[in-house]
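Down below is the structure, laid out as structure tokens.
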Number of protein chains: 2
Amino acid sequence: MAQTDTATPVLDLGASSIDLTRQICDIESVSGNETTLADAIVASLEGFAHLEIIRDGDTVVARTNLGRAERVVIAGHIDTVPLNNNLPTHFEIIDGRDYLWGRGTVDMKAGVAVQLKLAAELADPSVDLTWMWYDHEEVSAALNGLGRLAANRPDLFVGDFAILGEPSNSQIEGGCNGNLRIEVRTFGLRAHSARGWVGDNAVHKLAPILNTLAGYQAREVEVDGLVYREGLNAVGISGGVAGNIIPDEAMVHINYRFAPNRSGDEAIAHMHELFGEYDITVVDLAEGARPGLDAPLAQQFLEAVGGVAKPKYGWTDVARFSALGMPAVNFGPGDPLKAHADDERVLLTQITECEEALRVWLMRRG
Amino acid sequence: MAQTDTATPVLDLGASSIDLTRQICDIESVSGNETTLADAIVASLEGFAHLEIIRDGDTVVARTNLGRAERVVIAGHIDTVPLNNNLPTHFEIIDGRDYLWGRGTVDMKAGVAVQLKLAAELADPSVDLTWMWYDHEEVSAALNGLGRLAANRPDLFVGDFAILGEPSNSQIEGGCNGNLRIEVRTFGLRAHSARGWVGDNAVHKLAPILNTLAGYQAREVEVDGLVYREGLNAVGISGGVAGNIIPDEAMVHINYRFAPNRSGDEAIAHMHELFGEYDITVVDLAEGARPGLDAPLAQQFLEAVGGVAKPKYGWTDVARFSALGMPAVNFGPGDPLKAHADDERVLLTQITECEEALRVWLMRRG
């Protein structure tokens, strides 16, 4: 039978998690273009009687309803940042180690592959499971599929522990830093630069702000046993009207990554301590998430995975679960430093390690 | 006879210089649209036997060939900056003083009106005269009509003294500051702002540059008896990739107005003294012009006009004459602080003062 161009690709959940990663990566799903992959996920899971499938836009939920005492949510996003000539995937060997190269291999289709494979396989896990694969993580928070699902179907966000498959070198990374962006503005008086003394240069007034940024000693803060490293950086600067005009306005765009023992309001207050004499506009704020590693299921999971939990510096959707009172950690294959990189690539052993650790923990009894 | 829309407007050179200013201003001639006004100027002068008329594009030259011992060049541009609902002109009284309001009244059609009236009237001046009215002064130097004429017809740029009718409150303003623009760049290493310490923030590295600018004490320099005030200003600043990226490049756009005893090369060298550790790109350089007030004709002109000569801060086309070895001053009606202003307006008494001073000087004998 001829297959049409619009046919849903078939995912083979019986293949190895490495092969499955490759299948999923080769279905391009840059944010906004997730429908084909979401269709493929639904099609691949429909035959499994132990799973209830729910779809919301291009977000797919599959859950067991086994009446277990505890429920674990395991989630991953299915979109990627835009391509840069890095699809289709290929295998490569670097310094004697095997990698899968290509967009999405790290962030985070290897994690999605492991989750899909285990969702199909684990018909009798020790806890009830809610698997979530969601769209639009790599773009504006307003579009985030997990956020939309939480608004549309809050009943699905019930659980005792959550695991987000974001790349963490298949080690547990707890919580995440908060993320604040502000614009700090200076004002002056416009004038012709031939008679600059008639005006008041707003760009020159940025000097103390840059001095503060350049000299800032970012904190390292222990929260629930993990040490979070903060960061305060200019991520943009602008000002100027024309080559012969004294600028009457200038702006520094500042990004503050703050440890999760500080609330968003406290982070804003800290910016006012530093830049209080200037005009400050908050343009983005995402609360951090405490690591939550003291939760019993988290402890059990830590033991099963082994190794030492680390802090997650970047903001991830674990903060959404944390805000709902559900302890949550990041756990997925791939080096986060390779996320979004043009040479994005995942170490194959991390994919199988992640798969095996989750399987052992989710199947163990007593 | 019916007049068509495309008929050349008629300038009445027998009218007062105030009325003539109004006639000329009401022929809109924003840079690039000078043809109608240039046509009108040629038409108005063609009947005068003492004038030889030369046209180059929308630049018009009219000169006497009387065999006088000395020749004076008197020039003015006929274009204006764009309108902002400030045409047609009207008369207005502010604080009991009479003004003509509207685009071009200051910069510099009142000066052009005085020149046109005297060009027609002075058939027997004490020196030979070369009048020049040129296009495209208010835009890129590459388009400047005076520059084009100097290239096409260098033979016309012969003279012992030059007067540019730029607004100077009908006082003599000598020479002009030089004008240098540079871009100073810093470089770093791009990184995700969640792990800013992996990168190197180029925007933070701008701090010492802004400190230098904010603390800079601009010189006041006496040149040929006039005190020039310099200026060093950021006229623009930029940097940044995205809200979550440590910027790897940033730039400050700097404008240095330097006294005319400093050459362009020396001005660039001074920038290297200040910012030598950074990447510097010269984006624009115009030499200054010494006031040239020690020239005999300049001294004579000073005496005739009376008052005290002042330095010109802004760059004007006097520098072109200066570069050709011809002493040149600015002398025209209008307050330069009102040039390009939305409420551009010229004091009527300045128009007649300018006219009378030029007439007296150009007609005196011995």
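The values are calculated or read from the model by the stated rules, or taken from the named source; none is laboratory data. Remember, it's a predicted structure, so these values are computed and weren't measured experimentally. As a convention, Cβ positions derive from the backbone with ideal geometry for all residues, glycine included, and neighbour counts pool all protein chains shown.
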Of the conditions (1) within 16 Å of the chain's Cα centre (by Cα); (2) under 27 Å from B:A242 (Cβ atoms), A:I163 clears all except one; give me its number. (2)
Total residues in segment A:314-330, condition surrounded by 23 or more Cβ atoms within 10 Å (Cβ to Cβ), part of a loop (DSSP other than H, G, I, E, B) and within 11 Å of the chain's Cα centre (by Cα): 2
Output the residues belonging to segment A:40-55 that are in contact with a Ser or Thr (Cβ under 8 Å, 6 or more places away or on another chain) and under 24 Å from A:P333 (Cα atoms). A:A40
Among the residues of segment A:237-252, write down those that are within 21 Å of A:N211 (Cβ to Cβ), facing chain B (nearest Cβ under 7 Å) and surrounded by fewer than 22 Cβ atoms within 10 Å (Cβ to Cβ). A:S238, A:G240
Can you tell me which residue within segment B:196-230, out of those that are crowded, with 21+ Cβ neighbours inside 10 Å and at the interface with chain A (Cβ under 7 Å from one of its Cβ atoms), is farthest from A:G236 (Cα to Cα)? B:L213
Restricting attention to segment A:353-366, report how many residues are in contact (Cβ under 8 Å) with a residue 40 or more places away in the chain and surrounded by fewer than 17 Cβ atoms within 10 Å (Cβ to Cβ). 4
Select from segment A:256-297 the residues that are assigned to a helix (DSSP H, G or I) and outside the structural domain of A:K205 (by TED's automatic domain parsing) and list them in ascending order. A:P296, A:L297
Scope segment B:325-350; condition more than 27 Å from B:R219 (Cα to Cα), away from chain A (no Cβ under 14 Å) and of a type in the set (A, V, I, L, M); matching residues: B:V346, B:L347, B:L348
Can you tell me how many residues within segment B:252-267 are within 19 Å of the chain's Cα centre (by Cα) and charged (D, E, K, R)? 1
Would you confirm, using the coordinates I've provided, whether B:A234 is within 12 Å of chain A (Cβ to nearest Cβ), small (G, A, S) and either touching a residue at least 12 places away in the same chain (Cβ under 8 Å) or not in a loop (DSSP other than H, G, I, E, B) (or both)? yes
Name the residue that is surrounded by the fewest Cβ atoms within 10 Å (Cβ to Cβ), counting only residues in segment B:10-42 that are under 13 Å from B:D58 (Cα atoms) and of a type in the set (G, A, S). B:G32
Which members of segment B:166-195 meet the condition of being facing chain A (nearest Cβ under 7 Å) and among the charged types (D, E, K, R)? B:R181, B:R195
